[in-house]
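Enquirer: Just passing along the structure, written as structure tokens.
The values are calculated or read from the model by the stated rules, or taken from the named source; none is laboratory data. What you see is a predicted model, and the numbers here were worked out from it, not measured in a lab. Because the Cβ atoms are built from the backbone with ideal geometry, glycine has one as well, and the counts that use them run over all protein chains shown.
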Amino acid sequence: MDYVTTRRSPELDEALGPGSPIIIFDRVSLAFDEKVILNEVSFTLIKGHTKLILGASGAGKSTILKLILGLLRADAGRIWVNGEQIDRMREEELMKVRVDLGMVFQEGALFDSLTVRENVGYKLYEETSAPLEQIDQRVKEVLGFVGLAEYIDRMPSELSGGQRRRVAIARAMAAKPRILLYDEPTTGLDPITALTIDDEITKLRDLEGVSSILVTHQLRDAFYVATTTAVRENGRERFVPADSKKADEAEFLMLRDGQVIFEGNASELRSSKDEYIQRFLS
Amino acid sequence: MFRLVEQWAKAAVLEVQEYLRLVTAVGRALVTRPFYPRDVVEQFDEIGVGSLTVVLLTGAFTGAVLALQSGLTLDQFGARSMVGRLVSASMVKELGPVLTALMVTGRVGSGIAAELGSMVVTEQISALRALGTDPIRKLVLPRMLAGVIMVPVLTAISVAVGMVGGAVVSILQLKVAWSIYWNEVIAGLYMQDIWMGVIKPFALGFVIVSIGCHVGMRTTGGTQGVGRSTTNAVVAGSVAVLAVNFFVTKLLIVLMY
């Protein structure tokens, strides 16, 4: 059941079918006072694909996600999300666009006064009229998906860093959005926990058909998500190396000082001759 | 030097502009949907019931000390029996509203700024917006409603307890008869005084909570920023309480006396 998905016309639905762009950035610029954060950034996210945004701290990676959500407003350029131009929308109109977006914040940003159940089901409890039993069922389902079903009545303060990120992923996916945005979901985590987060991202993309943008400076995680695919066999999930077609669906975007300096797939990124990129990858 | 003054002036204008924007947004949220009644009830409990102890103690001791000091002065004129008149007039018109507002600023204004501030720096406010909830409706409006309604209620309680505190001192220490004290309490009050005591707390409640919310929502700079916001909310709130109290008093005197 779709809980809070936006109503779209059949024509727009057709236009946003497989292979069509679901997010478009067209020469987007943003500056705070004198400091330029983004300078004419352009890219397209295709439905069902993943965009991996790399760059050093302060390169403008997280800002891109905030612009997509409408949490920040661009100074120039145009942004389309799900067929709607959002860069000049008012806050009330943006609320409708956000219905189809899920965001995993850097530190999870869980509401510390609410339990895991209330955090995960927040959007459904507060912003929909779905029956409580149905919401509870969905909350248990998504917590099971991220392997934290037994933590449902805990408070966020009782969870480890990795568990908090996984609860944040569960919260972002609870209302079944068609686009998920991840802001450095593995930063500060140990490699094993980071891998479980990477697996969740891969599962959501490959098994749930969610389009995603992953902002990170953890190269290992970015390449893992780009080159791994999740498959379900006999009810069990497995993670296998992606074939070249699937790997091409994960496109890298590298930012430097607010500008795009590379756009392409994993093998193109690895073979780039750009000195900065080589230094970044080394 | 000129540059510093210019920067300060710009920052001050920006603060006022953002404060007015917040107040306007709250006004709009009040008359449109969605509305979160559970949060409003929670804030009534947090701001109203939660502040009861501090307000009771403040009221009782203020009334008591007022009776003590007034007794000394009135003795010079042989008018000790009129102590109830001074206690009631002072408590209803000034000390009740102002001291209650200052105590609520310390307890509630700082709490709101710290809570909202930490939500801002941990991106919980951004998460709320990303989940389709307007933080003004969910967090600010319930606190404003609770502040505007509960501060007058707390003031009424504080005034009542202050008069009782004054009575205890008057009767036990100043040896003024119970009936004389209460007769003087009533004789010292005019209708205009009561209106003044009723109207002022609404304005003060609004000022305390709106400043707490404004400062909290504009927090930057991590945990250090939260500490700064908490201090600013108390300082700005306390000064605003005294300033607004003066201007509202002046206005009410012009209108009613």
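Enquirer: Given the conditions (1) assigned to a helix (DSSP H, G or I); (2) without any contact (Cβ under 8 Å) to a residue 60 or more places away in the chain; (3) of a type in the set (Gly, Ala, Ser), which single one is not true for residue B:166?
Expert: Of everything listed in (1) assigned to a helix (DSSP H, G or I); (2) without any contact (Cβ under 8 Å) to a residue 60 or more places away in the chain; (3) of a type in the set (Gly, Ala, Ser), residue B:166 misses just condition (2).
Enquirer: Restricted to the range A:183-222, and to residues that are farther than 20 Å from residue A:57 by Cα and basic (Lys, Arg), which residue is farthest from the chain's Cα centre (by Cα)?
Expert: Filtering first and then ranking leaves A:203.
Enquirer: So which strands (runs of 3 or more DSSP E) are wholly in the range A:223-282 and hold at least 2 residues that are touching a residue at least 60 places away in the same chain (Cβ under 8 Å) and within 22 Å of the chain's Cα centre (by Cα)?
Expert: Once the strands (runs of 3 or more DSSP E) in the range A:223-282 are filtered for at least 2 residues that are touching a residue at least 60 places away in the same chain (Cβ under 8 Å) and within 22 Å of the chain's Cα centre (by Cα), what remains is A:250-256, A:259-264.
Enquirer: Residue check: is residue B:161 over 29 Å from residue B:118 (Cα atoms) and modelled with pLDDT of 95 or more?
Expert: When the stated conditions are applied, residue B:161 passes them.
Enquirer: I need the helices (runs of 4 or more DSSP H) fully contained in the range B:60-137, keeping only those with at least 1 residues that are acidic (Asp, Glu) and within 14 Å of chain A (Cβ to nearest Cβ).
Expert: Filter on the range B:60-137 gives B:110-121.
Enquirer: From the list A:63, A:50, pick out the single residue that is within 14 Å of chain B (Cβ to nearest Cβ), closer than 20 Å to residue A:255 by Cβ, buried (at least 22 other Cβ atoms within 10 Å of the Cβ) and of a type in the set (S, T, N, Q).
Expert: A:63
Enquirer: Let me ask something else about it. Residue check, residue B:179 against (1) crowded, with 17+ Cβ neighbours inside 10 Å; (2) part of a helix (DSSP H, G or I), all met but one. Which one?
Expert: Single failed check for residue B:179: (1).
Enquirer: Search the range A:89-114 for residues being closer than 22 Å to residue A:76 by Cα and of a type in the set (A, V, I, L, M, F, W, C), and hand back the single one that is nearest to the other protein chains (Cβ to nearest Cβ).
Expert: That would be A:95.
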